[in-house]
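The values are calculated or read from the model by the stated rules, or taken from the named source; none is laboratory data. Note that the structure is a prediction, hence the values are computed from the model and not measured. Note: ideal-geometry Cβ built from the backbone for every residue, glycine included; neighbour counts use all protein chains shown.
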Amino acid sequence: MNHLLDARLLCAASFVRADAVLADVGTDHAYLPIALLADGRIRYAYAADIARGPLASAREHLAACAAELPGLEDRIRLVLTDGLCGLDHYAPAVTDITVCGMGGELIARILADAPFVRDGGIRLILQPMTMQAYLRVWLGENGFAVEAERLCRTANGKLYTVLCCRFTGDSYVPVHPILGDALLADEENGALLGAYLTEMARRLGRIVDGKHGAGEECRAESEALSCANTLLERMCNDKHKGE
Ligand SMILES: C[S@@+](CC[C@H](N)C(=O)[O-])C[C@H]1O[C@@H](n2cnc3c(N)ncnc32)[C@H](O)[C@@H]1O
């Protein structure tokens, strides 16, 4: 069933622990929980969405897959809810949570509204489409450690990032909220890091130019731009040394 998942969802899936009870928030088509259940990677899944339309499409996919995999429907529960609301009252208890394909601000709001995620035993797998820096700062302020942040690239060449987090209760301020501390430190990102930094430098360059032109403050973006350029230069030098 891995064919259901593109590189972005495969990357998120790679962080879900074996035998997990997964809550997939904003599940839409429910590809992620269905693929993980079908592959026997997880024990049970809650496929949750705030809207009826996506849940109807999840139900259709589920019925189609259940024809091939008897018993699938007994291991997944479709839930109409805002974020994680109410999911702490169900059994079996959630161990891993995926929130993919939403803005960073909405992801932070969903976590803020669910105090039960402030439990070090629960793994949070977050894939923000926008406002990544906002989410990283929010996680730091609220005592969630980012244990890994992995890059992935889909077939159309777009880069995405997936954060794997856990509540520790220790708040901190990220050093590089715009680029991602854990992302920069993660050796698994080696192959895609150059492309990511080049893309970020291009975007940040435009933002800094625009803000300078408008007389607006842009210290954070300037710092991130200079960090991205320094890292790119270092990568280039290392490559030449290795030749
Ligand atoms: C762009 S889709 C992402 C689908 C899938 N998670 C993925 O990454 O491919 C976003 C989904 O999130 C749902 N959604 C938006 N806000 C939500 C909320 N507050 N709680 C639960 N689901 C929400 C939408 O209805 C939609 O189905």
Filter result for ASP181 (surrounded by 11 or more Cβ atoms within 10 Å (Cβ to Cβ), in the same structural domain as ARG109 (by TED's automatic domain parsing) and either of a type in the set (Asp, Glu) or at positive phi (or both)): yes
Right, ARG17: within 18 Å of the chain's Cα centre (by Cα) and not hydroxyl-bearing (Ser, Thr, Tyr) or not? yes
So GLY169, is it loosely packed, with under 12 Cβ neighbours inside 10 Å and either in contact with a Pro (Cβ under 8 Å, 6 or more places away or on another chain) or at pLDDT 95 or above (or both): yes
Does any residue of the stretch 118-134 turn out to be within 16 Å of the ligand (Cβ to nearest atom), touching a residue at least 60 places away in the same chain (Cβ under 8 Å), basic (Lys, Arg) and within 18 Å of CYS11 (Cβ to Cβ)? no
Those residues of the stretch 101-151 which are among the hydroxyl-bearing types (Ser, Thr, Tyr) and either touching a Lys or Arg at 6+ places or on another chain (Cβ under 7 Å) or in a helix (DSSP H, G or I) (or both) amount to TYR134
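Could you check, for the stretch 206-223, whether at least one of its residues is within 15 Å of PHE15 (Cβ to Cβ) and not aliphatic (A, V, I, L, M)? Can you show your working first?
Step one: list which residues in the stretch 206-223 are within 15 Å of PHE15 (Cβ to Cβ), which gives none.
No - not one qualifying residue is present in the stretch 206-223.
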Report every pair of residues separated by at least 6 positions or lying on different chains whose Cβ atoms are under 9 Å apart, first residue within the stretch 84-113 and assigned by TED's automatic domain parsing to the domain that holds LEU9 and within 8 Å of the ligand (Cβ to nearest atom), second charged (D, E, K, R) and assigned to a helix (DSSP H, G or I). CYS100/ARG8; GLY101/ARG8
Selected residue (only one of ALA228, ALA191 is touching a residue at least 40 places away in the same chain (Cβ under 8 Å) and under 23 Å from CYS11 (Cβ atoms)): ALA228
For the subset of the stretch 106-118 comprising residues that are in contact with a Phe, Trp or Tyr (Cβ under 9 Å, 6 or more places away or on another chain) and either within 21 Å of CYS152 (Cα to Cα) or β-branched (Val, Ile, Thr) (or both), which member is surrounded by the most Cβ atoms within 10 Å (Cβ to Cβ)? ILE107
